[in-house]
Amino acid sequence: MTRNEAREIMMQILYEMDATKALNEENARKLAAERLPGDHASRGGNLLSQIALNIEVIDEDINRCASKWKTSRMPKVDLAIMRLACGEIRYCDDIPEAVTVNEAINMAKKYSTENSARFIHGVLGAVTKGK
């Protein structure tokens, strides 16, 4: 499994946890262990757990950088993509921010709309500048 495929699964896990109102550290680790193989399970579990533990801070970053939008009104797929990217930006020092942003844009193009890709690019660009 590639890192890109692992990212997509982590985004899907974030989406699922948000939709079922089960966004917490325990659930993040459990789902990562079930769905990600080998090293990806450990790495993904750690990242998803950090996102779950710090979701308020991550959502504040997104809200601050999303002009006229709040996380409560955003499409859930877009929100999951941005939460994952913000988690990588904050907690994964070994991944360049530009790579994280580019991967988020590619996921948006694959799972959402072209407008979403532009919106996510703008938000994450502002997040990286304001970091």
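Any read-out appearing in this document is the output of simple, stated calculations on the displayed coordinates, not a laboratory observation. This structure is a prediction, so every number in the text was calculated from the model and none was measured. When we count neighbours, we look across all protein chains shown, and the Cβ atoms used for this are built from the backbone with ideal geometry, even at glycine.
Rounded to the nearest 20, the Cβ-based charge dipole of the chain about its Cα centre (Lys and Arg +1, Asp and Glu -1) stands at 420 debye. Peptide packing: for 74-83, 22-31, the average count of neighbouring Cβ atoms within 10 Å per residue gives the ranking 74-83, 22-31, highest mean first.
Here the average projected area of the convex hull drawn through the C-alpha atoms of the chain stands at 7.0 nm². From its DSSP helices (H runs of at least four residues, each -39,500 (n - 2.57)), the chain gives a residue-normalised ellipticity at 222 nm of -25500 deg cm²/dmol.
Considering only Ile9, Phe119, Met107, and ranking their Cα positions along the charge dipole of segment 3-130 that arises from unit charges at the beta-carbon of Lys, Arg, Asp and Glu, the one farthest toward the positive end is Phe119.
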